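*Asks:* Below you'll find the structure I mean.
Please treat every number below as a calculation from the coordinates, not as lab data. The structure presented is a predicted model; accordingly, all values stated were derived computationally and were not measured. When we count neighbours, we look across all protein chains shown, and the Cβ atoms used for this are built from the backbone with ideal geometry, even at glycine.
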Amino acid sequence: MTTTLEHTKTASIPQGGGLARRQNFLTGLIGGAIFAWLFWFLAHHFLDATSRTWSDEVAASVTLGWIIGFWLGIGALNAPGRWLIGKNNTRADDLYLAGQGQGKSRYWKFTTDHKVVGVQYIIMTMVLLGSGGILAMAIRTELIVPGNHFVNQQVYNGFIAVHGMLMILALIVAVAGPWGNFVMPIMCGARDMAFPRLNALSLWTLVGAAALLLTTLAVGSLTMGWVVLEPIANQAGVGMDFFAMAIIVFTVSTTVAGVNTICTVLTMRTKGMTLSRLPIFVWGAIIAAALGLYAFPYFSLVEAMTLMDRTFSTSFFVANAGGEGWLQANLFWLMGHPEVYVILLPAVAALFEIAAVMSRKPVFSYRTAVAGMTGLAGLSILVWAHHMFTTGWAPTLGGPFMLTTELISIPTGLFFLVLIGTLWRGNIWMKLPTVWMFGFIANFIIAGVTGIYLSDIPLDDQLHGTMFVTAHFHYVFVGSVLFGAVAALAFWFPKVTGRYLNEFLGRISFWLVFIGVQVTFLAMFASGLKGMPRRYSSYALIFEHTNFITTIGAYIIMAGMLVLLGAVITSWNKGEPSGPNPWHANSLEWLVPTPPPLENFDVLPVITEDPYNYGEELVRS
Amino acid sequence: MTTSNNKKSYRGLFLTWAILTIAGALVGIFGPSRLMPRSMSDNMHLTILTMVVFTVAAAPVAAGVYASALYALRHWAHKGSEVPPSGPAVRENAMFVTTWLIVSTLLTVFLLIWGLGALAVDNSSTGKNPLVVDVTGQQWVWSFSYPGTHVSSPQLYLPDNREVEFRVTSKDVTHGFWIVNMGIQVDANVGVITTIHTTPDKLGLFNIRCEQFCGLNHAFMVTVGHVLTPSQFASWLSSQPQQA
Amino acid sequence: MNRSKSLGVALASVLLGGGALALAGFALSSASPHQAALNCIPSQTAAHTCSLSLSTFPDSMAGEQGNNGGVHPDWVSYSNDNLAVPANTTVDVTINQYDSGGSLNNTFFDRVMGTVGGVAIIDGKTVSSVDPTNVGHTFTLRGIPGSGKTLFVSVPLPADSNTKPVNIGQGQYTKPVVVQFSFKTGSKAVYEWNCEFPCGSTREGQFGEAMSAYGYMSGTLTVN
């Protein structure tokens, strides 16, 4: 590290560098297109066209070509390539790669600065949420009345698969992506992430995966749901190959990001930043990252096996050739349940942070907060088969899995203890982040209680596979995680832009989304209780009223999210200026200028106490 | 904005909690059972009872969180653009945390005991001369056959008050066999026979739906069944064409 | 930003965004394949009777996929997918079966079920079941039971072993097996029908491709 600090805006653009310095998103797209075409050409002409798996082999080749070409085109492989041939990046190269002196154009490049990556993650989250949201509206429009009027069953089935996966991707990155990158290294007192180039790689790999996932809709014939159910996924058309490859590419992204997060927290903390002085959000980010490192290999494994069944005629999941669908279910849910907490923990940890700052009190019972998150992560790897209670697989394991599942309510309960304990007798500053936090508390209780029903096997034998389950996990994802994510956005928005997220618009959005969530998903609970299965493209007349209400509620959520989008767009450049520390918080990200300079600190700070000393300053001074 | 944490103000908290608890319990007792389909078997009675018990048990907990959050909003919310003064520097409260842990553990233990007990009852078979029905799922039709009789039917016919053992399998992909009014579900898997028991105890019509996504026309993989008196069932069975 | 300006932004967001979504939805709905329903032709002689005429082909060159066979000219197809019939009517169905065949994977479907009299007339012969090892397709109709109304009709269509060539559209076939049957409709409802013979080639249970794609081997029957 140099001792002099080169500021992003003042430093001049380093000269030279040739072609590699002109690479950006556009050249990435061009590279991806060229390689996709090249791989298509080779596969199309040289693979055996009479094979029954030919079209899948061609499709898989195209996806592989796309991601390789995209990496090459955007310059993701430049530095490792140079290292390989002995021409290491110079300091000037690294600073250029970090976006020095490149203004707004650095947001469209393979830029290593963690703050640029953070902003890129904000945009990616919005793109993913937006596309998934559009599909949600399409699904609800189809279900507004019985019968297939809006789109046919085949198109509808594609919608539910892609909506599910887009939203899972969006929520995995919704908090950990933007804030795990933008503020987390500063919170630790680091100049950047431990591996800045890997950081950029994780972001652009996510972009590559998202592009593949969106393409699946055009390629079509996705009759397998977002969980890629087997053996039915083996029946689906070539869109399925795109879908599987999108997930495999996505897991590369999360693995790289997870390793980076863990290494950053473990090795890059500044002097005095002991583990017990870490801001609580950093704990949430690292626990989620560690859990993701455990979970996501199953994800790429199960999709790779699906893809091999389809392209190489293996039979991992083909029942009449020695495989079985239960294997897919096991592998998928070994990933699938931990993944829920990979999504939830960063949001909850961000809310702990927000609760402390906004109620001007220390995080209540910091240790149970950490223990609760760790306990949840640990338990979550032991509960996967509760998704399989009704499959007929291993009925004797029903009791044990019910036990582990219900134990989860203890660490989950600790989240309420910490949140309510922190708010209790505080001076709760009712700003936008606080408002969304209260929304989270209200919704997360409903999510938790309905989860208890589903963990109980006799009840699950009635409710499994119905809209009740759909409503339950939407209370988790929309009602809880999304509210946490918006709270985090409102909280750290001033650090990114130097401006507040518009308070008034934010509150309109809050009320629309909050009311919309209750209308949509309470009615959906009713549909489920009445006996409507999930993933129905049409339904019997008895489900007419509850579905109509759900669709109206979904439109209200959409209106709320559009207002939020309007608020983000108008506040980004024109919002009310906030100064570097609008919430008068004590953690390091608020003590650096806004926007934080490249490499964050002139001199690395030395930490003597945790950032939650509200009410304690007076005693000591 | 300043707090007065005297006993009088906590009365409001308690009152809110009590009202919300009662409301939650009432919803639990009257809500689900009104929405859920007509109960026609022992399993379904247990399902609805469990739903009620869990809701009533969860009501005070949920009400506690709601009441505390509302109480905090009412008494300690600080509006305006100026930063409020620091609150009390309370980091720990051993008594509160311990109580919380004990209460939540006890509640979980209660759920577990109830759940494991219900599971044992739910899965138990009387073993007394059950009627065996073979259930076959195929995209997107259910068919039922009665072993030993050469009778098969697209609709399910069951006698009243006799245990039925369903042996479920699939011809193509995984389907989910669900008798909506009897609270039983099991997947129909290719190459595997899964079994499930129930004892119908009400006469009449019931619904069967596929609850595992099975492709293009999943939504249409539905049929109906009928619970008949034993004599009606016997005459239905003998009136059916025999299939080789 | 003051309050009225903010309100303006909120309104603009909802209207612009909602408008864009509505437009996209309209475009999507128009682009999504919906085939026009084939209407049941009322009988001139008998009241409350109408007739439907369908065909099953070994490819898609002659049916609704169009003269060029659409995206998958080699996929098996029914001539029509969406059917519309009046309520409380006897529907006389004639199906010309042009395809070859093989064994059912579920012998349940070798029976004629749910038709008037429980029989079908196949090439002039009245039958109640067919040889399960020589079936081309089936016509299997079922409903969403709402308050107990339900409909189940399943008729096997034997494999075509004729050799006399016939041309329809751009397709070249052999003289068909003619299957006739009647069923009675109840009150208004939407039902779904599909083929239960595993004719989708490759993959699980031979139910992939044409069997799992909209507009080939399945459709709706709307009673109105």
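*Asks:* For the protein assembly as shown, what is the convex hull volume of its Cα atoms per residue in Å³? Before the final figure, lay out the partial values.
*Replies:* Details: hull volume 188.7 nm³, N = 1089.
Residue-normalised Cα hull volume stands at 173 Å³.
*Asks:* Also: With the dipole of the protein assembly as shown worked out from charges on the C-beta (+1 for Lys and Arg, -1 for Asp and Glu) around the Cα centre, which of B:SER124, C:HIS48, A:LEU95 lies farthest toward the positive end?
*Replies:* Going by the Cα projections, it comes out as A:LEU95.
*Asks:* Peptide B:64-75: average number of partner chain Cβ atoms within 10 Å per residue?
*Replies:* Working: counts 3, 10, 3, 1, 7, 9, 2, 3, 11, 5, 0, 3.
Mean partner shielding for this stretch: 5.
*Asks:* Of C:VAL112, C:VAL14, C:VAL91, which has the largest mean-square fluctuation in a 10 Å C-alpha GNM of chain C?
*Replies:* Looking only at C:VAL112, C:VAL14, C:VAL91, the biggest GNM fluctuation is shown by C:VAL14.
*Asks:* Using +1 on the beta carbon of Lys and Arg, -1 on that of Asp and Glu, and nothing else charged, what's the dipole of the protein assembly as shown about the Cα centre, debye to 20?
*Replies:* Numbers: 56 positive and 56 negative charges, 683 e Å.
Using Cβ point charges on Lys, Arg, Asp and Glu, the protein assembly as shown gives about 3280 debye.
*Asks:* Still on this structure, please answer the following. Could you check the simple spin-label distance between A:CYS263 and B:LEU15, using points 7 Å along Cα→Cβ, in nm with one decimal?
*Replies:* Going by the 7 Å Cα→Cβ label model, 6.0 nm.
*Asks:* To continue, here is another question. What are the ³J(HN,Hα) values, in whole Hz, obtained from phi via the Karplus relation 6.51 cos²θ - 1.76 cosθ + 1.60 with θ = phi - 60°, for each residue of region A:312-329 in sequence order, with x given for Gly and Pro?
*Replies:* 9, 6, 5, 9, 4, 10, 8, 5, 7, 10, x, x, 8, x, 4, 4, 4, 4
*Asks:* Relative to a virtual label point 7 Å from the Cα of B:THR126 in the Cα→beta-carbon direction, which members of region B:25-53 show backbone nitrogen distances below 13 Å?
*Replies:* Backbone N within reach: B:41-43.
*Asks:* At 222 nm, what value in deg cm²/dmol follows for chain C if DSSP H runs of at least 4 each add -39500 (n - 2.57) and the sum is divided by all its residues, to the nearest 500?
*Replies:* About -4500 deg cm²/dmol.
*Asks:* Right, next: Measuring from centroid to centroid over Cα atoms, what is the spacing of region A:92-118 and region A:419-433 in Å?
*Replies:* A separation of 37 Å, based on Cα centres.
*Asks:* Rounded to the nearest 500, what is the 222 nm mean residue ellipticity of chain A from helices alone, with -39500 (n - 2.57) per DSSP H run of 4+ residues and division by all residues? Mind showing how you got there, number by number?
*Replies:* Numbers: 22 runs with 394 residues, N = 621.
After summing the helix terms and dividing by the residues of chain A, the value is -21500 deg cm²/dmol.
*Asks:* Then there's this: Can you give me the C-alpha center-to-center distance between region A:557-580 and region B:197-231, rounded to a whole angstrom?
*Replies:* 51 Å
*Asks:* In deg cm²/dmol and to the nearest 500, what is the mean residue ellipticity at 222 nm of chain B if only DSSP H runs of at least 4 residues count, each as -39500 (n - 2.57), divided by the residue total?
*Replies:* Details: 4 runs with 104 residues, N = 244.
It comes out at -15000 deg cm²/dmol, rounded to the nearest 500.
*Asks:* For every other residue with a beta carbon closer than 14 angstrom to the beta carbon of B:PRO84, add +1 if it is Lys or Arg and -1 if Asp or Glu, then tell me the sum.
*Replies:* My count for the surroundings of B:PRO84 gives +4.
*Asks:* Also, I was wondering about something else. Sum up the charges of everything whose Cβ sits under 10 Å from the Cβ of C:VAL177, counting Lys and Arg as +1 and Asp and Glu as -1, but leave C:VAL177 out.
*Replies:* Values: positive: C:LYS175; negative: C:ASP99, C:ASP123, C:ASP160.
Neighbourhood net charge equals -2.
*Asks:* While we're here: By the scheme Lys and Arg +1, Asp and Glu -1, what is the net charge of all other residues having a beta-carbon under 12 Å from that of C:PRO33? Display every interim value, and only then the final one.
*Replies:* Values: positive: none; negative: C:GLU64, C:ASP81.
In short, -2.
*Asks:* Per-residue mean of other chain beta-carbon atoms within 10 angstrom of the beta-carbon, peptide B:118-124?
*Replies:* The shielding value for this peptide is 4.
*Asks:* Is there a simple number for the mean count of other chain Cβ atoms within 10 Å of the Cβ of residues in C:27-33, and what is it?
*Replies:* Numbers: counts 0, 7, 8, 0, 2, 9, 4.
Average per residue, whole number: 4.
*Asks:* Let me ask something else. Would you list, by chain and number, the lysines whose Cα falls below 20 Å from the Cα of C:LYS175, excluding same-chain residues fewer than 8 positions away?
*Replies:* Counting by Cα, and skipping residues close in sequence, C:LYS175 has these lysines nearby: C:LYS125, C:LYS164.
*Asks:* Compute the long axis of helix C:3-31 from its Cα atoms, compare it with the longest principal axis of the Cα atoms of chain C, and write down the angle in degrees, 0 to 90, nearest 10.
*Replies:* 20 degrees
*Asks:* Just check region C:26-152 against the gyration tensor rule for me: Cα atoms, a ≥ b ≥ c as the square roots of the eigenvalues, rounded for a/c under 1.5, and otherwise prolate or oblate depending on whether a/b exceeds b/c.
*Replies:* Oblate, since a/c reaches 1.5 and b/c is not below a/b.
*Asks:* Once amide H atoms are built 1.01 Å from N in the peptide plane, which residues 5 or more positions from B:ILE184, or in another chain, come under 5 Å H to H?
*Replies:* Residues meeting the criterion, in which the H sits 1.01 Å from N, are B:ILE179.
*Asks:* To continue, here is another question. How far, in degrees from 0 to 90, does helix B:94-123 lean away from the longest principal axis of the Cα atoms of chain B, to the nearest 10?
*Replies:* Helix B:94-123 sits roughly 10 degrees off the main axis of chain B.
*Asks:* Further question on the same structure: Which one of C:TYR216, C:GLY70, C:THR90 has its Cα pushed farthest toward the positive end of the charge dipole of chain C, where Lys and Arg give +1 and Asp and Glu give -1 at the Cβ?
*Replies:* Among C:TYR216, C:GLY70, C:THR90, the one farthest towards the positive end of the dipole of chain C is C:THR90.
*Asks:* Which percentage, to the nearest 5, of the DSSP beta bridges contained in the protein assembly as shown is antiparallel?
*Replies:* On the way: 72 of 99 bridges.
That works out to approximately 75 percent antiparallel.
*Asks:* Starting from the amide H of A:LEU598, placed 1.01 Å from N in the peptide plane, find each other amide H under 5 Å away whose residue is 5 or more places distant or on another chain.
*Replies:* Those lying under 5 Å, H to H, from A:LEU598 are A:THR8.
*Asks:* Another question about this same structure. Amide H of B:VAL190 versus every other amide H placed in the peptide plane: which residues, excluding those fewer than 5 positions away on the same chain, fall under 5 Å?
*Replies:* Hits under the 5 Å cutoff: B:SER170.
*Asks:* Quick check for me: using +1 on Lys/Arg Cβ and -1 on Asp/Glu Cβ, what's the dipole size of chain A about its Cα centre, in debye to the nearest 20?
*Replies:* Working: 31 positive and 30 negative charges, 313 e Å.
Dipole about the Cα centre, nearest 20: 1500 debye.
*Asks:* Just the number, please: percent antiparallel of the DSSP beta bridges in region B:131-239, rounded to the nearest 5. Present the calculation step by step, with values, prior to reporting the outcome.
*Replies:* Details: 27 of 39 bridges.
Rounded to the nearest five, the antiparallel share is 70 percent.
*Asks:* Evaluate the charge dipole of region C:35-223 about its Cα centre and quote only its size in Debye, nearest 20, assuming +1 on the Cβ of each Lys and Arg and -1 on the Cβ of each Asp and Glu. Intermediate values should be presented prior to the final figure.
*Replies:* Values: 9 positive and 14 negative charges, 113 e Å.
Rounded to the nearest 20 debye, it is 540 debye.
*Asks:* Let me ask you something else. So for the protein assembly as shown, taking the charge dipole from beta-carbon charges (+1 Lys/Arg, -1 Asp/Glu), which of B:TRP76, C:GLY18, C:LEU157 sits furthest toward the positive end?
*Replies:* B:TRP76
*Asks:* In degrees between 0 and 90, to the nearest 10, how far off the longest principal axis of chain B does helix B:230-239 point, with axes built from Cα atoms?
*Replies:* With rounding to tens, the tilt is 50 degrees.
*Asks:* Starting at the first residue of region A:529-534, write each ³J(HN,Hα) from the Karplus equation 6.51 cos²θ - 1.76 cosθ + 1.60 with θ = phi - 60°, in whole Hz, x for Gly and Pro.
*Replies:* 5, 5, x, 8, x, 6
*Asks:* I want to check the label-to-label distance for C:THR45 and C:LEU28. Put each point 7 Å from Cα in the C-beta direction and report it in nm to one decimal.
*Replies:* 5.1 nm
*Asks:* Another one. Applying 1/(1 + (r/R0)^6) with R0 = 45 Å to the Cβ-Cβ distance of B:HIS150 and A:LEU397, what FRET efficiency is obtained, to the nearest 0.05? Could the numbers behind the result be given before it?
*Replies:* Details: r = 37 Å, r/R0 = 0.83.
Efficiency, rounded to the nearest 0.05: 0.75.
*Asks:* As a quick test, which of the pairs A:LYS104/A:LYS431; A:LYS495/A:LYS574; A:LYS109/A:LYS574; A:LYS530/B:LYS202; A:LYS361/B:LYS79 have an alpha carbon distance above 20 angstrom in this structure?
*Replies:* On the way: A:LYS104/A:LYS431 30 Å; A:LYS495/A:LYS574 15 Å; A:LYS109/A:LYS574 25 Å; A:LYS530/B:LYS202 18 Å; A:LYS361/B:LYS79 17 Å.
Among A:LYS104/A:LYS431; A:LYS495/A:LYS574; A:LYS109/A:LYS574; A:LYS530/B:LYS202; A:LYS361/B:LYS79, the Cα-Cα distance tops 20 Å for A:LYS104/A:LYS431; A:LYS109/A:LYS574.
*Asks:* Each residue of region A:394-407 in turn: what ³J(HN,Hα) in whole Hz from Karplus with 6.51, -1.76, 1.60 and θ = phi - 60°, glycine and Pro shown as x?
*Replies:* After applying 6.51 cos²θ - 1.76 cosθ + 1.60, I find 6, x, 5, 7, x, x, x, 6, 5, 4, 4, 5, 6, 4 Hz.
*Asks:* Show me the ranking of peptides A:196-202, A:36-42 by mean Cβ neighbours inside 10 Å, starting with the highest.
*Replies:* Numbers: A:196-202: 24.0, A:36-42: 16.3.
Packing order, densest peptide first, comes out as A:196-202, A:36-42.
*Asks:* Which cysteines in chain C lack any other cysteine whose Cβ sits under 4.7 Å from their own Cβ?
*Replies:* Result for chain C is C:CYS195, C:CYS199, no neighbouring Cys Cβ within the cutoff.
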